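K.L.:
Below you'll find the structure I mean.
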Amino acid sequence: MLQEQDHESLRLNAETLKSELEDLQILNDSEQRLQEQDHEALCQAKQGLLSVQNQLAKKTIEREEFERRLVKQELGEEADSDTAKLWIMSIRNAGLSQQRRYAKRMRFWRKIARERRSSSETTKYWYIPEILDHCMMNMRSEIPRLKLCNRRMCGEDIDDLHYFELMMLEMEIQTGLLNMGSLVVRKEMAAMESRLKKKSTSCID
C-alpha cells in the first residue's frame with residue numbers, strides 16, 4: 001500500500017510538471033495556440049524584437065571594431081581594403097554557417113520536445129515506476145530550457161549572446177511574429193465568414 005501511495009504521489013507530481021510544460025509557450029509555437037488573451041504575447045514578442053535589435057546594433061559596433069583590430073594584427077597596416085574585406089567576409093560566413101547549423105539542431109530538438117509533450121504516449125506508461133521516473137527527469141530538465149527560450153524571445157537574458165546568436169534569435173522572433181500575425185488574420189477571416197453565413201441564413205428564413 002505504501003508503494004502504491006508513493007507511486008500515486010509521483011504521478012501527481014508528474015502531472016504538475018506536465019501541466020507546467022504545456023503552459024510554457026515558446027513564441028515559435030504560438031501559431032498553434034494563440035487565443036484571445038494571447039495578444040499580450042504578440043506585444044511581448046514585438047518588444048522582444050526591439051530589444052534584440054538594439055543589442056544587435058551594439059554588438060555590431062563592437063564587432064566592427066574588433067575586426068579592424070584583427071585586420072591590423074593579421075594582415076598588417078598596409079593591407080589593401082579589398083583583401084581585408086574578403087578576409088573579414090570569410091570569417092563572418094564561417095561563423096554564420098556554424099550558427100545556422102546550431103539553430104537547425106535546436107529547432108529539431110525543440111520539435112521533438114514539443115511532440116513528446118503533446119503526445120498521449122507521454123502518460124500511457126506512467127503506471128510503470130521506471131518510466132515515470134524517466135519522464136519526470138526529462139520534464140525537470142526541459143522546464144528551465146523552455147523558460148530561458150521564452151525569456152529570450154521576449155528580449156530578456158540576451159546580454160551574454162554573441163553577434164551570430166543574436167542574429168538567429170532575431171530571425172526566430174520575426175518568424176514567430178509572422179506566424180502569430182497570420183493566425184490572427186485567419187481567425188478574423190473565419191469569424192467574418194461565420195457571421196456572413198449566419199446573416200445569409202437569417203435572410204433566407
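Where a number appears in this text, it was derived from the coordinates with a stated rule and is not lab data. The shown structure was predicted, so the numbers you read here are calculated from the model rather than taken from an experiment. Note that we place each Cβ from the backbone using ideal geometry, even for glycine, and neighbour counts take in every protein chain shown.
K.L.:
Through the Karplus equation 6.51 cos²θ - 1.76 cosθ + 1.60, θ set to phi - 60°, convert the phi angles of the range 193-199 into ³J(HN,Hα) values in whole Hz; use x for Gly and Pro.
P.N.:
The phi angles translate into 4, 5, 5, 5, 5, 4, 5 Hz.
K.L.:
While we're looking at this one, here's another question. Quick check: pseudo-label points 7 Å beyond the Cα along Cα→Cβ at LYS72 and ARG92, how many nm apart are they?
P.N.:
Between LYS72 and ARG92, the simple spin-label model gives 2.0 nm.
K.L.:
Subtracting the Cα-Cα distance from 0.36 nm times the residue separation, let me have the gained length for GLU170 to THR201 in nm, one decimal.
P.N.:
The GLU170-THR201 span can extend by a further 6.5 nm.
K.L.:
Determine the gain in length on full extension of the stretch GLU130-SER9; use 0.36 nm per residue of separation and subtract their C-alpha separation, reporting nm with one decimal.
P.N.:
Value of the extension gain: 42.1 nm.
K.L.:
Which net charge results for the neighbourhood of ARG140, defined as the other residues with beta-carbon distances under 13 angstrom from its beta-carbon, given Lys and Arg at +1 and Asp and Glu at -1?
P.N.:
0
K.L.:
Report Rg (one decimal) and Dmax (nearest whole number) for the range 49-92, counting Cα atoms only, units Å.
P.N.:
Cα radius of gyration and Dmax of the range 49-92 are 12.8, 40 Å respectively.
K.L.:
Measuring from label point to label point, each 7 Å out along Cα→Cβ, what is the ASP82 to GLU64 span in nm?
P.N.:
Here the modelled spin labels are 2.3 nm apart.
K.L.:
Could you check the spin-label model distance between ARG186 and PHE108? Points 7 Å from the Cα along Cα→Cβ, value in nm.
P.N.:
With each label point 7 Å from Cα toward Cβ, the separation is 2.6 nm.
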